[in-house]
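The values are calculated or read from the model by the stated rules, or taken from the named source; none is laboratory data. Keep in mind that what you see is a predicted model, and the values were worked out from it rather than measured. No Cβ is skipped: glycine too gets one built from the backbone with ideal geometry, and neighbour counts run over all protein chains shown. Only protein heavy atoms, including side chains, enter the accessible area calculation; ligands, DNA and RNA are left aside. Shrake-Rupley method; radii C 1.70, N 1.55, O 1.52, S 1.80 Å.
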Amino acid sequence: MLRLSFFLMACVMAMNLFGQTYNMSNTTINTCSGTFYDSGGSFGSYANNQLLTMTFCSSAPGANIVMDFTSFGVENGWDFLTIYDGPNSSSPLIGTFSGSIPPGIITSTNGCLTFVFDSDLSISDSGWMANISCTVPCQDVVASAVFNPAPNGDGIVYLCKGEALIMDGISLFNLRFLAKRSLLSGVTLPEAFR
C-alpha cells in the first residue's frame, strides 16, 4: 500500500513538473497549454473573501483560447466564477457559474477569456480544474450559385424533359481568394430526374 501511495504521489508531482499550471490570481497569461486551477491549486481549496480577475489569451496568432473544465465545485449560490469573451470584464458575458456543474468547454471568439472569481466570507469548496488549449477558428466561406433557367419565387428550378440546366458557382474565402469556380453547361439530367 505504501508503494502504491508513493507511486501515485510521484505521478502527480511529475504531471505538475511537466505541465504548466496556473492558479487563479490577478494577472494575464498568454499560453496555449497547461491547466487552470482555482487559487488553491491542484491540492487545495480556494480561500474565502476573494475577488480575483485573470485573463488568458492565446499565444498563437489568430487562434482562440479554449478552456475545458473537467471538475468544478464552488459554494452554490454564494461563490461565483464569471467568464467573459475577451480581454477584460467589459467584454461580452459568457456566463456566471456556481455549484458543482462544470462550465464545460469554453472557447473565445477573439483570442482571450477573462475569469472573475468572487467568494464570500465563509465556506469554500473544492474549486475547479480546466485544461487549456488553442484552436484556429474556421474561416468564413461565401458561396453563391446562378442557375439558368432561374428558380421561381419558391426557389425551385422547373425543367422540361430534355431541357438543360446551367449552373455557375463560386466560393470565396480567406481574404477573398478564389477557392473554386465551376461551370456546368448543357448538362442533361439523369433519367431519375426527368
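Taking the stretch 81-96 as the range and being buried (at least 18 other Cβ atoms within 10 Å of the Cβ) and within 17 Å of residue 48 (Cα to Cα) as the test, only 81 passes.
A quick yes/no check of all residues on (1) closer than 13 Å to residue 117 by Cα; (2) assigned to a strand (DSSP E or B); (3) modelled with pLDDT under 95:
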site: 12; (1), (2), (3): no, no, yes
site: 15; (1), (2), (3): no, no, yes
site: 29; (1), (2), (3): no, yes, no
site: 42; (1), (2), (3): no, no, yes
site: 46; (1), (2), (3): yes, no, no
site: 52; (1), (2), (3): yes, yes, no
site: 62; (1), (2), (3): no, no, yes
site: 70; (1), (2), (3): no, yes, no
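Residue 121 fulfils the conditions (1) surrounded by fewer than 15 Cβ atoms within 10 Å (Cβ to Cβ); (2) assigned to a strand (DSSP E or B) except for a single criterion, (2). Cβ-Cβ distances below 7 Å connect the following pairs, each with a first residue in the stretch 145-160 that is of a type outside the set (A, V, I, L, M, F, W, C), a second residue that is open to solvent by 70 Å² or more (accessible area, probe 1.4 Å), and a separation of six or more residues or different chains: 152/158. In the stretch 122-141, the residues that are among the acidic types (Asp, Glu) form Cβ pairs under 6 Å with partners that are open to solvent by less than 50 Å² (accessible area, probe 1.4 Å), at six or more places apart or across chains, as follows: 125/73; 125/74; 125/75. Going through the stretch 82-103 one residue at a time, which ones are part of a strand (DSSP E or B) and over 17 Å from the mean Cα position of the chain (by Cα)? 99 - this is the single residue of the stretch 82-103 that is part of a strand (DSSP E or B) and over 17 Å from the mean Cα position of the chain (by Cα). The set of residues in the stretch 125-152 being among the polar types (S, T, N, Q) and assigned to a strand (DSSP E or B) consists of 131, 133, 135, 144, 148.
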